Structures are given as C-alpha cells and as structure tokens.
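A short write-up of the structure that comes next.
The values are calculated or read from the model by the stated rules, or taken from the named source; none is laboratory data. Here the structure is a predicted model, which means the values were calculated and not measured. FYI the Cβ positions are ideal-geometry reconstructions off the backbone, even for glycines, and counts take in every protein chain you see.
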Amino acid sequence: MTDIYHIFKEKFSNMIYIRENNKFGNLFLVVKNFNITILKHNYDLIVEFIYYSCLEALKISNHYNNKTFTVHIYLEQASMKNFSFKLFKKINKKLTENLKDVLDICYIYGSGPFLLNIFKLIRSLLDPVTKKKIVIVKQTCKKSNILL
C-alpha cells in the first residue's frame, strides 16, 4: 500500500474507514465529517486515499475469496457544506477507470431532501451497472448505526 494511504488513514479516520463484515471488506464514508472548505485544496489526495481505501477493502474480501466489496455512505446530518460535486466527479472518474466489477453493493443512508437532492445530482454520472448496485436506506432515527 502506498504512503498516501498510511499517512491519511489516521487523519481521515472520522470520514473514511474500512472494516471486515460477513467476510467482505466494507468501506465507510461519513459525509457529515467532510469539511469541504479544508479539503478543497487536497482533492487529489482525497481521491487517491479513497481509491487506496477501496483497494484495502477489496484486499479484505479477497482474503475470504470474495471478489467484491461493500460501500456504506452515511448522509445523516450532512449538508451541502459537506459535499462537493467537483470532488464527487473526480472520485467517480478515478474509481470507474481503475476498478472494474468489484462493487458488491453501495448503501446510502439518510433521509430528507439532502439525500434526494444529492442522489439526483450524482445519478447522471453513474454507469447503469453501478446504479443497480445502489440501495437507499432511509434513516428514521437520529442515532446513527454506523458499524464501528
């Protein structure tokens, strides 16, 4: 794994982390902890970190002879100050170009207009196969059930 992954693993652990669950690697993105004002000067590093995090999740899955990994995106308590369409496009481009057929499923957790607006915004950029792997999980309680 590259130095980028190890350097930023602790720094961004409240935003991006990886866990094994049911013999699959799972990548977690907690959007409410993304501070776009601070991150905007480091988009390329964030993109690389997310890419290497995907590889790390895939490595966990491969350990159990699974060829895919799962993504969990938590949008609870997030707002537009935590989201950048420019950053999303860069991440999507990097992952689309470098990772083929490795996403098992992508859960997006949240509720309300922010979830719907973000999904409408990003949906047009996703390829048809990826769109079919997205599951919206509407959260009804205030307490998050993030797997830690």
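Within the range 50-71, the set of residues being more than 24 Å from Lys40 (Cβ to Cβ) and in a strand (DSSP E or B) comprises Phe69, Thr70.
A quick yes/no check of all residues on (1) closer than 19 Å to Thr70 by Cβ; (2) touching a helix residue (DSSP H, G or I) at 6+ places or on another chain (Cβ under 8 Å); (3) among the aliphatic types (A, V, I, L, M); (4) touching a residue at least 40 places away in the same chain (Cβ under 8 Å):
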| site | (1), (2), (3), (4) |
| --- | --- |
| Lys11 | no, no, no, no |
| Ile16 | yes, yes, yes, no |
| Asn21 | yes, no, no, yes |
| Phe24 | yes, yes, no, yes |
| Phe28 | yes, no, no, yes |
| Asn35 | no, yes, no, yes |
| Tyr43 | no, yes, no, yes |
| Glu48 | no, yes, no, yes |
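If the condition is being touching a residue at least 12 places away in the same chain (Cβ under 8 Å) and either exposed (fewer than 12 other Cβ atoms within 10 Å of the Cβ) or in contact with an Asp or Glu (Cβ under 8 Å, 6 or more places away or on another chain) (or both), then the range 86-108 contributes Lys86, Lys90, Lys94, Thr96, Asn98, Asp101.
Hey, could you check the range 62-86 for residues that are more than 12 Å from the chain's Cα centre (by Cα), among the hydrophobic types (A, V, I, L, M, F, W, C) and over 16 Å from Arg123 (Cβ atoms) and say which is modelled with the highest pLDDT? Selected residue: Ala78.
Among residues of the range 63-85 that are in contact (Cβ under 8 Å) with a residue 60 or more places away in the chain and surrounded by 17 or more Cβ atoms within 10 Å (Cβ to Cβ), those with a Cβ under 8 angstrom from a residue that is part of a loop (DSSP other than H, G, I, E, B) and of a type in the set (A, V, I, L, M, F, W, C), sequence gap 6+ or separate chain, pair up as His72/Ile146; His72/Leu147; Tyr74/Ile146.
Checking every residue in the range 117-130 against the condition of being part of a helix (DSSP H, G or I) and in contact (Cβ under 8 Å) with a residue 40 or more places away in the chain gives at least one match. Of the residues in the range 6-19, at least one is loosely packed, with under 12 Cβ neighbours inside 10 Å, of a type outside the set (Lys, Arg) and over 13 Å from the mean Cα position of the chain (by Cα). Number of residues in the range 59-82 that are among the aliphatic types (A, V, I, L, M) and closer than 14 Å to Val102 by Cα equals 2. One residue stands out in the range 109-148 among those that are touching a strand residue (DSSP E or B) at 6+ places or on another chain (Cβ under 6 Å) and over 24 Å from Leu95 (Cα atoms): the one that is modelled with the highest pLDDT, namely Ser111.
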